[in-house]
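Below is one structure; the comments refer to it alone.
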Amino acid sequence: MQEMTDKPALRGMDLAAMGGLLAEGGFETYRARQLYQWVFRNGAESIDEMGNLPKPMRAFLAERTTIGGVELVRENGPRGGTQKLLMRTHDGKFIESVVMRDEGAGRTSLCVSSQIGCAVGCAFCLTGFGGFQRNLRTDEIVGQVLAVKRHVLAEDEPLAHVVFMGMGEPMLNLGAVVPALRLLIDPDGVGLSRRRVTVSTAGIVPGIEKFGKEEVGVGLAVSLNATTDETRSEIMPINKKWGIKELIGAIEKFPMEARRRVTIEYVLLKGINDTVDDAERLVRLLRKLPVKVNLIMFNASPQLPFKPADEERLEMFAAVLSRSNMTVTVRWSKGREIEAACGQLAAHYFEKSAES
């Protein structure tokens, strides 16, 4: 387990911060780029690994910093398939990430967490169990990606897509999420394509506005899940603060590059939001926006009172959208059998409960 420390974490520093740190120690400025590559491109897990750095510099780094990140504790699911990963932070808390493999397309995606627990409290999501514990730090967010690249992916298996759809609400932790994104998409850092990174939100309107001003250039997904304020407020309490009209306005103003669209996520709940009227209202809400709709089958759990919509309802819902010339896809959730699908990540609650 990682040692608790107040030392700054290298996995949370950009190149300029590393340069400033090394300047304090009297080291050459070009060493900062070597250190940066060791941390993010090579995914070094100890300062001792950094063999081309001089010993005095490694001693300085060991005294002044820590690597940071998270510790991979357990993998659930087969190598080569969908895997739920249990990770532990430096203070002994638990988070989960999910590796999703599309065998037909030969594409591997990673779902990362941005908080321990969640304060938003969507009624159909297990992550709200146990409440909100704390925000993840930048190094803990980046650390999930580095841990997967080093310990989970095959040697010839590239990471095609990273989605911030795990535990927590990213828009409530932008102070760590935005720097993490910049490190992930930096060609000299982790090196992900910004077109292959997506951040999802339950609809924190001020967060969406602030995130747009950061101009990171990654994708945005918004979890809508209802077409009336009455229904949405029942299943997503955040709607009582920022209703559908305000949320649609924030989406309309969000800066997007040409030919890119905001993803609207819509979890189908039986008897709640799955009618023809819901589908037609959704068309009217979104018709003028640059969006695509991702329909998601609800993942049932004994702890939650909802049921997934019937497959016939799903097909009907998708047909209404398609007839209106909207781009619609259906996400058949991966990892349901290992409780790794959407809304099923709650390690912060269940792992701690098991220990007590």
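Miscellaneous remarks
- Using a cut-off of 19 Å between Cα atoms, the listed pairs K210/K292; K253/K288; K213/K245; K210/K253; K213/K253 include K210/K292; K213/K245 as exceeding that distance.
- Relative to the longest principal axis of the Cα atoms of the chain, the long axis of helix 276-286 lies at roughly 50 degrees.
- Annotation: amide H-H contacts under 5 Å for K292 (H modelled 1.01 Å from N, sequence separation of 5 or more, or interchain): V262, T263, I264.
- Cα long-axis angle, helix 174-185 against the chain (0 to 90 degrees, to the nearest 10): 70
- Estimated vicinal HN-Hα couplings, Hz - region 117-124 in sequence order (Karplus 6.51, -1.76, 1.60; Gly, Pro = x): x, 7, 9, 6, x, 4, 5, 9
- Straightening the chain between E246 and E157 buys 27.9 nm, computed as 0.36 nm per residue apart minus the Cα-Cα spacing.
- Estimated vicinal HN-Hα couplings, Hz - region 232-246 in sequence order (Karplus 6.51, -1.76, 1.60; Gly, Pro = x): 5, 5, 5, 9, 9, x, 4, 5, 5, 8, 10, x, 4, 4, 5
- The share of accessible area on region 45-101 that comes from carbon and sulfur is 47 percent, using a 1.4 angstrom probe.
- Value of Rg/Rh across region 158-198 [Cα atoms, Kirkwood radius]: 0.97
- Residue-averaged 222 nm ellipticity for the chain, from DSSP H runs of 4+ at -39500 (n - 2.57), nearest 500: -9500 deg cm²/dmol
- Among F254, I264, P187 the positive-end extreme of the charge dipole of the chain (Cβ point charges): F254
- Helix 15-24 and the longest principal axis of the C-alpha atoms of the chain enclose an angle of approximately 30°.
- When the chain is treated as a GNM with alpha-carbon contacts under 10 Å, the residue of A23, A202, A160 showing the greatest mean-square fluctuation is A23.
- Candidates per trypsin sites (Lys or Arg not before Pro) in region 119-181, loop by DSSP, up to 12 other Cβ within 10 Å: none
- GNM top mover of A180, A119, A105 - the chain, alpha-carbon springs below 10 Å: A105
- What the Cα atoms of region 1-103 give is an Rg and a Dmax of 16.2, 50 Å.
- The value of relative contact order for the chain, using C-alpha pairs under 8 Å at least six residues apart, is 16 percent.
- Charge context of E312, other residues only, Cβ under 12 angstrom, K/R +1, D/E -1: -2
- Here region 284-311 and region 1-72 have alpha carbon centers that stand 43 Å from each other.
- Principal semi-axes in Å for region 178-245 [√(5λ), Cα gyration tensor, largest first]: 30, 11, 8
- Calculated accessible area for the chain comes out at 45 Å² per residue, all protein chains present (probe 1.4 Å; ligands, DNA, RNA ignored).
- Reference-scaled alpha-carbon Rg (2.2 N^0.38 Å with N residues) for region 207-271: 1.20
- Charge dipole (Cα centre; +1 on Lys/Arg Cβ, -1 on Asp/Glu Cβ; no other charges) of region 165-293 amounts to roughly 380 debye.
The values are calculated or read from the model by the stated rules, or taken from the named source; none is laboratory data. It should be emphasised that the depicted structure is a prediction, and the values quoted were computed from it without experimental measurement. Glycine gets a Cβ as well: all are built from the backbone with ideal geometry, and neighbour counts include every protein chain shown. The accessibility values were calculated without ligands, DNA or RNA, using every heavy atom of the protein model including side chains. Shrake-Rupley method; radii C 1.70, N 1.55, O 1.52, S 1.80 Å.
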